[in-house]
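Beneath this line is the structure, given in structure tokens, with notes to follow.
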Amino acid sequence: MTVLDNDVWTRRFFSEGWKESSSGYPVREPATGAQLGVVGLATADDVRSAASRAAQAQREWAATAPQQRAAVLRRAGQIISEYSAEIEEWLVREAGSVRAKAGFEVELAVGECFECAGLPTHPQGEVLTSEDARWSFARRRPAGVVSVIAPFNFPLILGLRSVAPALALGNAVLLKPDPRTAVSGGVVIARVFEEAGLPAGVLHLLPGDASVGRAVVEAPEVRVVSFTGSTPVGRAIGEQAGRLLKRAHLELGGNNALVVLPGADVDKAASAGAFGSYLHQGQICMTTGRHIVHESLLEEYTAALAAKAKALPVGDPAREDVALGPIIDRGQLERIHGIVTGSVAAGATVAAGGEIAGTGYLATVLTGLTTDMPAWREEIFGPVAPVMGFSDIEDAARIVNDCEYGLSVGILGDVGTAMKLADRIDSGKVHINEQTVSDEPNAPFGGVKASGTGSRFGGAAANIEAFTEGQWVTVRPDIADYPF
């Protein structure tokens, strides 16, 4: 197997084998604009055909012995590990990942497959009490056909974290990756499971435009939609799924807070803050978007963070040893710069960065902000660290919660104080003495408020809830007597 063999996937999509597409989408390197290949795009008609076939294949797949399904997941993890260097290279070139981030993403993908290999044999029901003379059970059954819509930023793991558990639990999957990362977020996954022995028709790779996105939600065979992406698009998908009485699991945006408590080690705190804001150019839903620092440390912390930002080189991660790679495309790059310049025009001060650097953006620190400035209120999705002070724990809780999002919060400093603060804040995740970016395959992942519909990814409980349906079953030794 090699995903770098363009002959396998060029102008093709995966639906019971690699099928010729009527149109293609150029796969480009965001650092240089160079074309790496052409991925095949699906149409809405292709989706409808794939959904019909997936529904047929799903019944056979669900009836497959649990250990056979588990073996496919284990083999998928082994293949990703075996071809890790090749996959990492695609993440660097197609997604603009620095090499450390690409390696971390591949490790997560391997872990996801191995973790999900335990799902087929995990208990999926319980014995209930009953007032009648019968046995009463609650069991979980595969939902059926699951549509997975994945983003560009961590394309491999953010697709796989829904694809792997859905398959493990006996579902068929329609995967729609972001066209900008359709190889590392789509072709890789399709090729891995193809080589791992997944039966034909169980997984379909369907890159495409908004019409394809609508089709993978609207197809009548689809029962569950798993979407990771922006809050505006998530709202639209949620409305569409709700109208059709389908479950939508939405993992959306974030404007995550890092709180630095009085007495915290400033250098370590600034290191954590820099990692949280600048990893993968800030293009992560968990990125630290707000630095909330006790007023006694504000000046020192800002200086330390600015020093770290100025020391981070920006460039092409495929050809240079850099800390920050390119922004995914020019439109997003200009949006980031517009938020920074708009906030400066409103009175903010640039302590570091604040400039476009080729196809990337310099690591930036902003001070002197007010809560109504765009750099404080919006999810920037770029390497920008806005810093603001707080006076006491109540003030910190108020500032953290004064945000439409609720995905991830980091608290640095005294653990006792951090625990008291954690109890006051609304967030899907809280990390004490860590920054905001963290993920493990066995941990529940999700946000509240505008960050999504709660923990729908990770861990056996969340995955089983997300990708199965509950069914009540009763059994009597004889036909019951009734008064009619």
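Structural remarks
- When Rg and Dmax are taken over the Cα atoms of the chain, they come to 23.5, 82 Å.
- The chain - charge dipole about Cα centre, Lys and Arg +1 at Cβ, Asp and Glu -1, debye rounded to 20: 1080
- Helix-only CD estimate at 222 nm, as mean residue ellipticity for the chain, using -39500 (n - 2.57) per DSSP H run (n ≥ 4): -12000 deg cm²/dmol
- Filtered GluC sites (Glu not before Pro), the stretch 1-67: DSSP coil and at most 16 other beta carbons within 10 Å: GLU16
- Within the chain, percent of DSSP bridges classed antiparallel, to nearest 5: 45
- Calculation over all alpha carbon pairs of the stretch 416-484 in 10 angstrom steps from 0 returns a P(r) of 16, 32, 22, 11, 11, 8, 2 percent.
- Between the Cα long axis of helix 66-82 and the first principal axis of the chain there is an angle of about 40°, rounded to the nearest 10.
- Descending principal axes extents, the stretch 296-345, alpha-carbon based, whole Å: 41, 30, 11
- Accessible area per residue, Å², the stretch 209-305 with all protein chains present, probe 1.4 Å: 35
- Using distinct alpha-carbon pairs, which all enter the 1/r mean, Kirkwood radius of the stretch 278-383 in Å: 14.0
- Computed E for MET419/ARG235 - FRET, C-beta separation, R0 41 angstrom, nearest 0.05: 0.75
- What a 1.4 Å probe finds exposed on the stretch 275-330 is 54% carbon and sulfur by accessible area, rounded to a whole percent.
- A simple spin-label model places pseudo-atoms 7 Å from Cα toward Cβ; at SER23 and ASP132 they are separated by 5.5 nm.
- Listed residues LEU158, ALA168, SER52: farthest to the positive end of the dipole of the chain (Cβ charges): SER52
- Sparsely packed loop sites in the stretch 265-333 (the GluC sites (Glu not before Pro) outside DSSP H, G, I, E and B with at most 13 other Cβ atoms within 10 Å) comprise GLU295, GLU320.
- Within straight-line cross-link reach of LYS308, aspartates and glutamates at Cα separation under 17 Å, skipping those fewer than 8 residues along the same chain: ASP265, ASP267, GLU299, GLU300, ASP321, GLU355
- Residues ARG141 and ASP478, FRET efficiency given R0 of 22 Å [Cβ-Cβ distance, rounded to 0.05]: 0.25
- Pairs of alpha carbons in the stretch 376-422 separated by more than 15 Å make up 52% of all such pairs.
- In the stretch 149-188, the alpha-carbon atoms span a convex hull of 52 Å³ per residue.
- For a straight C-alpha distance cut-off of 19 angstrom, the lysines reachable from LYS176 (same-chain residues fewer than eight places away being disregarded) are LYS19, LYS246.
- Cβ crowding within 10 Å averaged over residues, with 95-105, 251-261 ranked highest first: 251-261, 95-105
- Between 0 and 90°, nearest 10: helix 231-243 axis offset from the chain longest Cα axis: 20
- With only the Cα atoms considered, the stretch 135-272 has a convex hull volume of 200 Å³ per residue.
- Extreme residue, positive dipole direction of the stretch 414-481, given options ILE479, VAL437, SER455 (C-beta unit charges): VAL437
- Unit charges on C-beta of K, R, D, E only; dipole of the stretch 166-219, Debye: 60
- Ordering of 215-228, 120-133 by packing is 215-228, 120-133, highest average first (other Cβ atoms within 10 Å, averaged per residue).
- With viscosity 0.890 mPa s and temperature 25 °C, the Kirkwood radius over alpha carbon pairs of the stretch 322-373 converts through Stokes-Einstein to a diffusion coefficient of 214 µm²/s.
- Over the stretch 205-350, the ratio between the Cα radius of gyration and 2.2 N^0.38 Å evaluates to 1.35.
- 5 Å-binned pair-distance histogram of the stretch 22-138 (Cα, whole percent): 2, 9, 11, 11, 12, 16, 15, 9, 5, 3, 3, 2, 1, 0, 0
- Accessible area per residue in Å² at 1.4 Å probe, computed on the stretch 75-208: 31
- Simple rule: put +1 on each Lys or Arg Cβ and -1 on each Asp or Glu Cβ in the stretch 76-132, find the dipole, and look at ALA95, CYS116, VAL106; the Cα lying farthest toward the positive end is ALA95.
The values are calculated or read from the model by the stated rules, or taken from the named source; none is laboratory data. Computed from a predicted model, the values in this text were never measured in an experiment. Ideal geometry is used to build each Cβ from the backbone, glycine not excepted, and the neighbour counts take in all protein chains shown. To get the accessible areas, we keep the full protein, side chains included, count just its heavy atoms, and leave off ligands, DNA and RNA. Shrake-Rupley method; radii C 1.70, N 1.55, O 1.52, S 1.80 Å.
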